[in-house]
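The block underneath contains the structure these notes are about, expressed in structure tokens.
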Amino acid sequence: MPVFSEALGRIKASPTVAITAEAQRLRAEGHDILSLSVGEPDFDTPRHIRDAAKAAIDRGETRYTPPDGLPELKRAVAAKFRRENGLDVGPEHVIVSTGGKQVLFNALLATLDPGDEVLIPAPYWVSYPDIALFAGARPVIIPTSASDGFKLRPEALAEAITPRTRWLILNSPGNPSGAGYSETELRALADVLLAHRHVWILADDIYEHLAYAPFRFATIAGVEPELASRTLTLNGVSKGYAMTGWRIGYGAAPEPLVRAMTKLQGQSTTSACTISQWAAVAALEGPQDHLVSFRNAFVRRRDLVVERLNAIPGIVCPRPEGAFYVYPDIAGVIGRRTPEGVEIRSDEDFVRALLAAKGVAVVHGAAFGLSPHFRISYAAADEVLGEACDRIADFCSTLR
Ligand code: PMP
Ligand code: GLU
């Protein structure tokens, strides 16, 4: 038995990844499973992007790239940040990594020391606190509420900042709540941050293209350019371009941070997959019309799921502004019992019993730091979503 590190002992396996793997295992065993647990679009990667990858292979683009990314992709990413986000960046401010997840990992591991604090509004994406913990830092969770639209209030931010605060992580539209910060809301947070010059901001914009009218996407370094000198703006092709498996994410940051992250990346993965980087060039520079059809499909599915869940006694489901998740409140079913007599004491009990009784895989709110809720990813076919809602309704009707 090898000896594992103290750092490894501080973290758990990613619950979103683990529950999805469990659902896949049950399905492979022949169980009738509807998996709404993983956050990835069900659409195929658009054809022109796939063609660009095949062409790259045939041109012999099969070797390492520089650790911070293919120059062509870094230029395309910088142009994207200028064009879509109003950020004043060039290729020297860009790093390309193996998914947005590696951008995050690089940034936190390159900057945090034991005792440092990372501010994370809850509900949060599962990986933020664990990566901070792995780096030896202390995640400081700031709860939000449905009545605030699951968004961080400026007063709560001001109260949470200490001399040890290194980062604030802002995710909009957010996983798991789908909440999106308007320009006005970002302005109010920026005003607090301007007064605390030691705090860096990690703006996780991975769901940028999944923002639903009337909500309009904005990013904090675009809203307040003075914060750009201490902001890492994270994005990638996974969610907007239906490219989760290609593993390409990127960030824009001041050059010293990009150099630090590149140093770390050069010692871990060397560079992101060359073929995927060429595919990402085609994604960013090619036609963008699929974004509209993806968005329309997601709006339709969001409305379907929100309506169906709100018709179930005991469940209250807010209508999110973006991403492809809903985060219903299940306080109304806590304390009830299944027909087998199992008490539903927590959202974890709820998702376990739902999977066992009806084969619907979702993720418990506790994994995202705010209970009692569960997360559905509605990036699935309308029929699957309709059937899953039927099963959830059936399941809830059996609780006493
Ligand atoms: N941020 C958030 C909020 C996410 O949900 C995800 C999805 N895994 C990521 C970042 C990273 O995505 P990827 O590594 O596929 O770019
Ligand atoms: N972000 C997705 C999710 O939350 C993918 C899995 C992961 O990386 O956590 O389900």
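Could you tell me how many of the residues in region 98-118 are assigned to a helix (DSSP H, G or I) and within 13 Å of ligand 1 (Cβ to nearest atom)?
Final tally of qualifying residues: 9.
Search region 77-104 for residues being under 23 Å from Ile275 (Cβ atoms) and among the β-branched types (Val, Ile, Thr), and hand back the single one that is farthest from ligand 2 (Cβ to nearest atom).
Val94
Cβ-Cβ distance below 7 Å, separation of 6 or more or different chains: which pairs start in region 115-137 with a residue that is buried (at least 24 other Cβ atoms within 10 Å of the Cβ) and end on one that is of a type in the set (Gly, Ala, Ser)?
Val118/Ala132; Val118/Ala137; Leu119/Ala160; Pro123/Ser177; Pro123/Gly365; Pro123/Gly369; Tyr124/Gly369
Restricting attention to region 24-43, does a residue exist that is at pLDDT 95 or above, more than 16 Å from ligand 1 (Cβ to nearest atom) and at positive phi?
No, every residue in region 24-43 fails to be at pLDDT 95 or above, more than 16 Å from ligand 1 (Cβ to nearest atom) and at positive phi.
Taking interchain pairs and intrachain pairs at least six residues apart, which have beta carbon atoms under 6 angstrom, with the first residue in region 170-192 and on the phi > 0 side of the Ramachandran plot and the second open to solvent by less than 20 Å² (accessible area, probe 1.4 Å) and hydrophobic (A, V, I, L, M, F, W, C)?
Close Cβ pairs satisfying both conditions: Gly178/Ala323.
Rundown of residues vs (1) out of contact with any helix residue (DSSP H, G or I) (no Cβ under 9 Å at 6 or more places or on another chain); (2) outside any loop (DSSP other than H, G, I, E, B); (3) surrounded by fewer than 17 Cβ atoms within 10 Å (Cβ to Cβ), yes/no style:
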site	(1), (2), (3)
Gly335	yes, no, yes
Phe350	no, yes, no
Phe374	no, yes, no
Ala379	no, no, no
Gly386	no, yes, yes
Asp390	no, yes, yes
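Return yes or no: is Val299 crowded, with 18+ Cβ neighbours inside 10 Å, within 25 Å of Ala242 (Cβ to Cβ) and within 23 Å of the chain's Cα centre (by Cα)?
no
Per-residue answers, yes or no, for (1) more than 16 Å from ligand 2 (Cβ to nearest atom); (2) buried (at least 18 other Cβ atoms within 10 Å of the Cβ); (3) not polar (S, T, N, Q):
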| position | (1), (2), (3) |
| --- | --- |
| His209 | no, yes, yes |
| Phe217 | yes, yes, yes |
| Glu226 | yes, no, yes |
| Val237 | no, yes, yes |
| Tyr241 | no, yes, yes |
| Met261 | yes, yes, yes |
| Gly266 | yes, no, yes |
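Check off (1) closer than 30 Å to Pro139 by Cα; (2) free of Cβ contacts under 8 Å to residues at least 12 places away in the same chain; (3) of a type in the set (Gly, Ala, Ser) for Ala356 and give me the number that stays unchecked.
(1)
Could you give me the residue pairs with C-beta distances under 9 Å whose first residue belongs to region 247-269 and is in contact (Cβ under 8 Å) with a residue 40 or more places away in the chain and more than 16 Å from ligand 1 (Cβ to nearest atom), whose second residue is open to solvent by 10 Å² or more (accessible area, probe 1.4 Å) and of a type in the set (Ser, Thr, Tyr) wherever it lies, and which are 6+ apart or on separate chains?
Final answer for the pair search is Pro254/Ser229; Leu257/Thr111; Ala260/Thr111.
Under the condition of being within 22 Å of Asp303 (Cα to Cα) and in contact with an Asp or Glu (Cβ under 6 Å, 6 or more places away or on another chain), which residue from region 213-245 is farthest from ligand 1 (Cβ to nearest atom)? Steps first, answer last, please.
From region 213-245, those within 22 Å of Asp303 (Cα to Cα) are 213-217, 239-242; that's our starting set.
Imposing the further condition that a residue be in contact with an Asp or Glu (Cβ under 6 Å, 6 or more places away or on another chain) reduces the set to 215, 217.
Working: Phe215: 17, Phe217: 14 Å.
Among them, the one singled out is Phe215.
Return the pairs, sorted by first residue and then second, in which the second residue is assigned to a helix (DSSP H, G or I) and polar (S, T, N, Q), the first residue lies in region 90-107 and is within 9 Å of Val258 (Cα to Cα), the beta carbons are less than 9 Å apart, and the residues are 6+ apart or on different chains.
The qualifying pairs are Ile95/Asn106; Ile95/Thr262; Ile95/Gln265.
The values are calculated or read from the model by the stated rules, or taken from the named source; none is laboratory data. These figures come from a predicted structure and were not determined experimentally. Positions of Cβ are backbone-derived with ideal geometry, glycine not excepted, and every protein chain shown enters the neighbour counts. Surface accessibility is based on the protein's heavy atoms, side chains included, excluding ligands, DNA and RNA. Shrake-Rupley method; radii C 1.70, N 1.55, O 1.52, S 1.80 Å.
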